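Before any comments, here is the structure.
The values are calculated or read from the model by the stated rules, or taken from the named source; none is laboratory data. Just so it is clear, the model here is predicted, and its values are computed rather than measured. Don't worry about glycine lacking a Cβ; one is built from the backbone with ideal geometry, like all the others, and counts go over all protein chains shown. Accessible surface areas use protein heavy atoms only, side chains included; no ligands, DNA or RNA. Shrake-Rupley method; radii C 1.70, N 1.55, O 1.52, S 1.80 Å.
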Amino acid sequence: MAINTIFSALKIIVGNIFKISVLIADGTNDLSDALSAILGIISAAVASKKADKNHPMGYGRFEYISSLAVVMIVIYAGLKTLYDGITGIVFTHEQPNYGIPVVLVSIISVVVNLFYGLYLQRTGRRLRSEALVMNGTDSIGDCLVSAAVIVAVLVKYFFNIYIENYLCIVIAIMILHTGFSMIEECM
């Protein structure tokens, strides 16, 4: 959670300074991941509780509810990213300023999200927590989001074309696909 919160703030701040909407979208996505991680941890704790007088069948179904909440957060992040990409194409005339901080934040984010996602998946399988496994899958998918910033920088550098808002739309479709796939897993 701390990692996602730190990266979220860093990406949103750097994205605003350098006017990079895809980095801001990535930061928004990281914020949604932090919320998802909180839900995953709470879910694993509650679902593992033993049956009691009020819940004679146990608390395992709480896992399904929290998994669905994680899915809704992922879908919201996808819709927000789609909105940002479309409005960036239609309304924004200000060109982004790709600098070294943007590339460094993106590279570090790819590496950290990959290891974090693998850790969450492994922990989720060990704890039999579908919510944690889903959070891990989402975090690994975030590597692609962060890599999109690097692609936008490279395309600008080599071809002098700004593609970041179009990448926001592609990223949004990927995030939404992940969210809808997660709904299927919840069902």
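The residues of the range 78-126 that are farther than 14 Å from Asp26 by Cβ and among the acidic types (Asp, Glu) amount to a single one, Glu94. Scanning the range 133-146 turns up one or more residues that are farther than 13 Å from Gly15 by Cβ and of a type in the set (Asp, Glu). Within the range 41-52, the set of residues being surrounded by 19 or more Cβ atoms within 10 Å (Cβ to Cβ) and not aliphatic (A, V, I, L, M) comprises just one member, Ser43.
So which residues in the range 89-104 are surrounded by fewer than 22 Cβ atoms within 10 Å (Cβ to Cβ) and in a helix (DSSP H, G or I), if there are any at all? Result: Ile89, Val90, Phe91, Ile100, Pro101, Val103, Leu104. Taken over the range 1-40, the criterion of being free of Cβ contacts under 8 Å to residues at least 60 places away in the same chain, open to solvent by 50 Å² or more (accessible area, probe 1.4 Å) and of a type outside the set (A, V, I, L, M, F, W, C) is satisfied by Thr5, Asn16.
Here is the figure for the range 53-71: residues that are open to solvent by less than 60 Å² (accessible area, probe 1.4 Å) and either of a type in the set (A, V, I, L, M, F, W, C) or part of a loop (DSSP other than H, G, I, E, B) (or both) total 6. If you filter the range 147-187 down to residues that are at pLDDT 85 or above and either among the polar types (S, T, N, Q) or part of a loop (DSSP other than H, G, I, E, B) (or both), you find that the one that is surrounded by the fewest Cβ atoms within 10 Å (Cβ to Cβ) is Asn160. Among the residues of the range 125-146, just one is farther than 18 Å from Ala2 by Cα, open to solvent by less than 10 Å² (accessible area, probe 1.4 Å) and not aliphatic (A, V, I, L, M), namely Ser129. Being open to solvent by 40 Å² or more (accessible area, probe 1.4 Å), part of a helix (DSSP H, G or I) and in contact (Cβ under 8 Å) with a residue 40 or more places away in the chain is a property that does not hold for Leu114.
In the range 1-52, of all residues being outside any helix (DSSP H, G or I) and touching a Pro at 6+ places or on another chain (Cβ under 7 Å), the one that is farthest from Leu104 (Cα to Cα) corresponds to Lys19.
Among the residues of the range 51-72, write down those that are more than 32 Å from the chain's Cα centre (by Cα) and not acidic (Asp, Glu). Give the derivation first.
Let us first name the residues in the range 51-72 that are more than 32 Å from the chain's Cα centre (by Cα), namely 51-57.
Result: Ala51, Lys53, Asn54, His55, Pro56, Met57.
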